Every structure is written in structure tokens, then in C-alpha cells.
Amino acid sequence: MSGWSGHKPATSTAMLALLSKASAGVESFSYAERVFFVACEFWAAAMTRTLVHHLADQAQSKLYQAEDAFRTIGLVGVEKVLRLGYVEFSAASPPKSLAQTAANIENELLRADESVDEAIEVFARRWLFDP
């Protein structure tokens, strides 16, 4: 994970456009924009090993939203890791701590056999940029 160099150029451009839109006071975002934003934020937190901080408030909701976002993008391996993390944190008996769950998710994502950055970039090009 330490070798992550950040989002791909098209991903960064799309993220900047969304942030600019939000700072301009726009309050309505498409489903694709929300999916993209959630995936980018979650992936960056996981790759920089700051997931526990990202999930600190509303962990269950953020895990669920991230699972949905990665499923929508088509990253079924990441979706599965997040689903298991959600169960580990919310339904296991006894439930794991947030720090332990976040570390487990980060470790599993390190081993993910999917090109996550590329898939996020393809999603951005397909759904967020004008053809």
C-alpha cells in the first residue's frame, strides 16, 4: 500500500470538477457522481492507511456506501472485502474494533486482484466526462 502514488490523472480531474461544483454551492449530484466520490475517498483512505480516521464517524454507513460504490463500478473483489468488513464490525460476536476492522480491510485490499485505480478512472471517463 505504501507504493500508491495517488489517483490516476483522469480521476483527479473528475474529482477536482466535483469539488469545484460542490464549492460553487451545487447541492444536487447524480448517482454516478456520488458513487465516484465515495469510491475515491474510500480508496485513498485505504491506500494511505488512514481508513480508521475516514470511518471514525458513521463507520457502518460509510462501509455500506463504499460497498455499493465499488459494486456499481464493477469491483466485486473490493465489494466482497467491504461486505466482510461490515459484518466483522457490525454483526460479529463479539464485533471487532473499528481500528482492527479498518486494518483488516486495508490488508485485504493490498492483496486485491483487481485494478482498482484503473476501474475508477474508466468509470470517471464513462460516466462523468462528456463524450
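Where a number appears in this text, it was derived from the coordinates with a stated rule and is not lab data. Note that the coordinates shown come from a computational prediction; the quantities given were computed from them, not determined experimentally. Every residue, glycine among them, receives a Cβ derived from its backbone with ideal geometry; neighbour counts consider all protein chains shown.
Panel note: the C-alpha atoms of the chain, placed on their principal axes, show extents of 48, 30, 23 Å (largest first). Taking every C-alpha pair closer than 8 Å and separated by at least 6 residues, the mean separation divided by the residue count of region 29-127 gives a relative contact order of 32 percent. Candidate cross-link partners of Lys21 among the lysines, defined by an alpha-carbon separation under 25 Å and a same-chain spacing of 8 or more, comprise Lys8, Lys62.
Among the chymotrypsin sites (Phe, Trp or Tyr not before Pro) in region 8-91, which ones are in a DSSP loop with at most 14 other Cβ atoms within 10 Å of the Cβ? Mind listing them? Those satisfying the criteria are Phe29.
Rounded to the nearest 10 degrees, what's the angle between the helix 76-90 long axis and the longest principal axis of the chain, both from Cα atoms, 0 to 90? Its long axis makes an angle of about 50 degrees.
Computed over neighbours whose Cβ is under 14 Å from that of Leu110, the net charge equals -3, Lys and Arg +1, Asp and Glu -1. Net charge of the neighbourhood of Arg83, taken over other residues with C-beta under 14 Å away and scored Lys/Arg +1, Asp/Glu -1, is -2.
A compact globular protein would have a Cα radius of gyration near 2.2 N^0.38 Å; the ratio found for region 1-69 is 1.15.
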